[in-house]
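What follows is one structure encoded as structure tokens, with my remarks underneath.
The values are calculated or read from the model by the stated rules, or taken from the named source; none is laboratory data. All figures in this text were calculated on a predicted structure; none of them were measured in a lab. Cβ placement follows ideal geometry from the backbone for every residue including glycine, while neighbour counts extend to all protein chains displayed. Heavy atoms of the whole protein, side chains included, go into the accessibility calculation; ligands, DNA and RNA do not. Shrake-Rupley method; radii C 1.70, N 1.55, O 1.52, S 1.80 Å.
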Amino acid sequence: MNDKNPKSSSGKFRKWFKRKHKKKQPDPYYLQDELSDGDDFMEDIYVSSLEIDPCTSTNELRIFVGTWNVAGRAPVGSLAVDLEEWLKPQDAVDIYVLGFQEIVPLKTRTVIGAEDPRKATNWNLLIGKALNESSGCPWLTPMLNPISSDSYHYVRNPGLEKRASFSAICDNTRMRGKPITQHRHHQQAVIGGSKYKLMASKKMVGVFISVWMKEELVTKYSVSNVKVSSVACGIMGYLGNKGSVSVSMSIERTSFCFIAAHLASGEKQGDEGRRNHQVSEIFKRTSFPRSAKDEHNIHPLTILGHDRIFWFGDLNYRLYNLEDNLARHLIQKKDWKALQEFDQLRREQEDGGVFQGWREGNIEFAPTYKYSSSNFNRYSGGVPSRSGEKQRTPAWCDRILWYGKGVKLLSYLRSEIKFSDHRPVSALFSTQIEVNKSSNPRIFSKDTIVPNIMPPEQIGTSGNYEEGKATLLSLIVKDTEASSIHTKKL
């Protein structure tokens with residue numbers, strides 16, 4: 001790492017970053033990932049949107065963030081009812097951000113084979129139905145039609161108040177520097193309008209993110225810079241059985257980043273290090289490059305360049321140094337505080353951890369993993385051990401974290417849907433956005449989200465192997481400097 005850090009970075013951050021790189025795990029972690037397991041210390045370089053500006057005001061938005069590992073099961077049968085129960089569509093929620101893991105079985109053919117665009121389409125269709133039909137809004141079947149781009153954008157057709165189109169794009173995941181490209185698109189005409197509009201969607205093997213926003217807010221606010229990114233860091237460090245899919249978007253003058261992740265599984269010694277290594281890779285390799293079409297519209301390049309950041313998914317952190325029978329005893333007593341003393345992720349939120357400075361709500365629910373595949377009412381394994389079941393100590397694998405100012409947690413809970421060996425988890429947030437007071441505040445029309453057009457070699461991960469080795473600090477500094485230079489020009 002270069003010792004001559006730019007003036008915009010803090011001494012405290014430099015010390016933390018050096019500690020993290022001294023503890024960086026060796027490359028052999030790449031080789032161990034299995035296909036399936038059945039006070040803010042950066043505030044001085046954090047670009048806050050809460051600075052006082054006489055030309056702006058703040059408005060409140062409520063964001064529902066959910067994560068669910070569905071264990072490779074298809075979105076059919078009773079899932080439609082379960083999904084509606086989990087999401088509980090109501091007027092209080094302005095934006096739904098949903099992350100799923102294992103929407104396909106993590107087998108060899110699905111990990112290294114061609115992507116099936118129907119999987120994401122089917123999930124989006126089901127989500128749209130759950131969010132809209134309960135409100136009396138129609139929801140029609142999407143039409144498939146491939147196009148060549150790597151972002152998902154919403155465009156309002158001029159003059160047609162009750163018609164909208166959706167386009168989801170090609171997914172490029174890089175494997176050992178070789179791009180594998182699959183094109184996906186679904187377009188939908190909704191007659192009569194929908195309460196929630198699909199704003200962004202991204203799939204990488206089994207990891208999937210879907211972002212929905214109230215139609216009235218899409219009209220009310222300027223929504224721009226909707227971009228997506230994927231980082232594959234599973235087998236060999238570059239396969240998509242593990243990794244993340246992210247969405248970046250700006251609402252008025254406030255930028256948001258949503259990261260849905262699926263990290264390395266396992267409760268053996270050293271498995272936590274593999275997870276930490278993958279978190280570091282996601283920080284370094286996730287990028288939202290600017291394109292010629294962005295013109296004067298500035299947006300963050302990296303995760304930590306955003307104002308409000310939400311990281312969620314099957315993070316797979318377990319309970320360390322705790323015997324299985326004692327863990328089950330504490331669960332039976334519902335002694336969540338005592339159980340959390342052994343939680344690996346809480347340790348990573350402390351000084352020197354990969355999630356230092358990140359926040360999470362109080363956990364007042366039972367561990368979400370692993371439930372028996374033959375009986376989703378009980379945890380797998382236990383004493384006496386059951387034939388054919390994996391012996392897994394229950395743990396809070398499914399988590400939701402956030403970073404940045406202007407975010408307030410309203411609720412944090414799990415749902416009792418017995419669809420897979422994980423229970424879904426959700427959090428409801430209240431957040432502030434900066435809104436321009438002027439009548440014509442932005443260059444871009446509020447009805448248009450501009451697609452991100454980039455060459456295929458830049459899609460998926462943030463570039464080739466050498467680019468992937470760039471430090472987190474350099475990405476943040478590059479983002480900050482670019483924004484500063486552009487602002488001066490304006």
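Here is a check on your reading of the model: is L87 surrounded by 15 or more Cβ atoms within 10 Å (Cβ to Cβ), over 13 Å from N241 (Cα atoms) and modelled with pLDDT under 85?
Against the criterion (surrounded by 15 or more Cβ atoms within 10 Å (Cβ to Cβ), over 13 Å from N241 (Cα atoms) and modelled with pLDDT under 85), L87 does not qualify.
Could you grab me the full set of residues in the range 92-109 that are surrounded by 17 or more Cβ atoms within 10 Å (Cβ to Cβ), out of contact with any Gly (no Cβ under 7 Å at 6 or more places or on another chain) and not in a loop (DSSP other than H, G, I, E, B)?
Answer for the range 92-109, where residues must be surrounded by 17 or more Cβ atoms within 10 Å (Cβ to Cβ), out of contact with any Gly (no Cβ under 7 Å at 6 or more places or on another chain) and not in a loop (DSSP other than H, G, I, E, B): I95, Y96, V97, F100.
From S438, S411, S430, which residue is open to solvent by 10 Å² or more (accessible area, probe 1.4 Å), modelled with pLDDT of 95 or more and more than 19 Å from D307 (Cβ to Cβ)? Reasoning before the result, please.
On the way: S438 fails: modelled with pLDDT of 95 or more; S430 fails: more than 19 Å from D307 (Cβ to Cβ).
Being open to solvent by 10 Å² or more (accessible area, probe 1.4 Å), modelled with pLDDT of 95 or more and more than 19 Å from D307 (Cβ to Cβ) holds for just one of S438, S411, S430, which is S411.
Only one of G273, G237, G243 is surrounded by fewer than 23 Cβ atoms within 10 Å (Cβ to Cβ) and either among the basic types (K, R) or at positive phi (or both). Can you tell me which?
The match here is G237.
Return a yes/no flag: does the range 212-228 have any residue that is surrounded by fewer than 22 Cβ atoms within 10 Å (Cβ to Cβ), closer than 26 Å to E348 by Cβ, more than 15 Å from the chain's Cα centre (by Cα) and β-branched (V, I, T).
So far as the range 212-228 goes, no, none of its residues is surrounded by fewer than 22 Cβ atoms within 10 Å (Cβ to Cβ), closer than 26 Å to E348 by Cβ, more than 15 Å from the chain's Cα centre (by Cα) and β-branched (V, I, T).
Being within 23 Å of L239 (Cα to Cα), polar (S, T, N, Q) and touching a strand residue (DSSP E or B) at 6+ places or on another chain (Cβ under 7 Å) is the filter here; which residues of the range 279-303 pass it?
Those that are within 23 Å of L239 (Cα to Cα), polar (S, T, N, Q) and touching a strand residue (DSSP E or B) at 6+ places or on another chain (Cβ under 7 Å): T286, S287.
If we scan the range 347-356, do we find a residue that is closer than 30 Å to Q391 by Cα, of a type in the set (F, W, Y) and open to solvent by 10 Å² or more (accessible area, probe 1.4 Å)? Full working, then the answer.
The first filter runs over the range 347-356 and keeps only residues closer than 30 Å to Q391 by Cα, leaving 347-350, 353-355.
From the residues that got through so far, the ones that are of a type in the set (F, W, Y) too are 355.
With open to solvent by 10 Å² or more (accessible area, probe 1.4 Å) added as a condition, the list becomes none.
No, the range 347-356 contains no residue that is closer than 30 Å to Q391 by Cα, of a type in the set (F, W, Y) and open to solvent by 10 Å² or more (accessible area, probe 1.4 Å).
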